[in-house]
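Report on one structure; see the data block that follows.
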Amino acid sequence: MTKWPRDNQADLLAFYGTPGPDVERQLVNVVPPFQMYYDGKPISRIRFHRKAAGALKAALDEIWEYYGRDQRRIDALGISKYAGTYNPRKVRGSATKWSNHAYGAAIDLNAAENGLGAGRGNMPQPVINAFKRQGARWGGDYRGRTDPMHFEFCDASGYPGVKPVKLFDVPETDADSDLHADRDHTHIDSEPKPSWLRRKWKAVTGWFSGGAGLGVFGYLTDWQVVAVLFGGVLLIVILFVLFMGPGNVRAWIKRQVN
Ligand SMILES: [Zn+2]
């Protein structure tokens, strides 16, 4: 795997070149394995820096395989909503530091539901994992203001690695996702919300798993959460029986049955 440059201007300039004509000369076409859309219109290729193009293709290929080469699943999760790569601009709020988009080494996906400051947005963990396996850094991991639509090929040391995939990979809803006032990222109409049951399920498992940032047990998969809940209920029943005395409980059950 390529060793990506550290996220400072000197290292990025040395590795990718100077934003503008120098970088543009080094952009190549990446053909995504699934259909992607920009602003609702189908696209056939993505322009990306030649040094990171292979890694981008590998990440997209892994996503395509993970979702069983099923375009409908990809579409339903918003992954096919391409929202830009190369863009010769400075970092928002800075007059001097180039954005990693200016090197053609960053890609945005599903901007409408993964805006700036939207926490983790609803980016599916398998997508995050696919990019991280290529050494990319995810904007959802930024300390401070997050950028969950954003993946960039610069050194990700010190940032979280690949996480286990939850069996119930339901996108997290985030009330902040409408607040991104980011002119550089495309706004696209959002997908319908997950069903009531799935949102409730997410609320419960998210609280336990730390997905909502409130985790009390660290990162747990959904089945571990189920095990914890089941274990808790079992413990309460056992304590209840011990406290009441088995004889009294039997008598109580008998009264309810009769
Ligand atoms: Zn971005």
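Read the figures in this text as sums done on the coordinates, not as results from a lab. A quick note: this is a predicted structure, and the numbers were derived from the prediction, not measured. FYI the Cβ positions are ideal-geometry reconstructions off the backbone, even for glycines, and counts take in every protein chain you see.
Taken across region 109-123, residues that are within 20 Å of Leu27 (Cβ to Cβ) and within 12 Å of the ligand (Cβ to nearest atom) do occur, with at least one present.
Of the candidates Thr85, Thr96, the single residue that is hydroxyl-bearing (Ser, Thr, Tyr) and buried (at least 17 other Cβ atoms within 10 Å of the Cβ) is Thr85.
Counting just the residues of region 116-156 that are assigned to a loop (DSSP other than H, G, I, E, B) and of a type in the set (Lys, Arg), which one comes out surrounded by the fewest Cβ atoms within 10 Å (Cβ to Cβ)? That would be Arg143.
Residues in region 52-80 that are touching a helix residue (DSSP H, G or I) at 6+ places or on another chain (Cβ under 7 Å) and touching a residue at least 60 places away in the same chain (Cβ under 8 Å) were compared, and the one that is nearest to Thr2 (Cα to Cα) is Ala59.
Looking only at region 127-162, residues that are small (Gly, Ala, Ser), in contact (Cβ under 8 Å) with a residue 24 or more places away in the chain and within 16 Å of the ligand (Cβ to nearest atom) come to 3 in all. For region 103-115, the count of residues that are part of a helix (DSSP H, G or I), surrounded by fewer than 14 Cβ atoms within 10 Å (Cβ to Cβ), within 22 Å of the chain's Cα centre (by Cα) and of a type in the set (Asp, Glu) is zero. Taking region 67-82 as the range and being buried (at least 16 other Cβ atoms within 10 Å of the Cβ) and either part of a loop (DSSP other than H, G, I, E, B) or of a type in the set (A, V, I, L, M, F, W, C) (or both) as the test, the residues that pass are Tyr67, Ile74, Leu77, Gly78, Ile79, Ser80.
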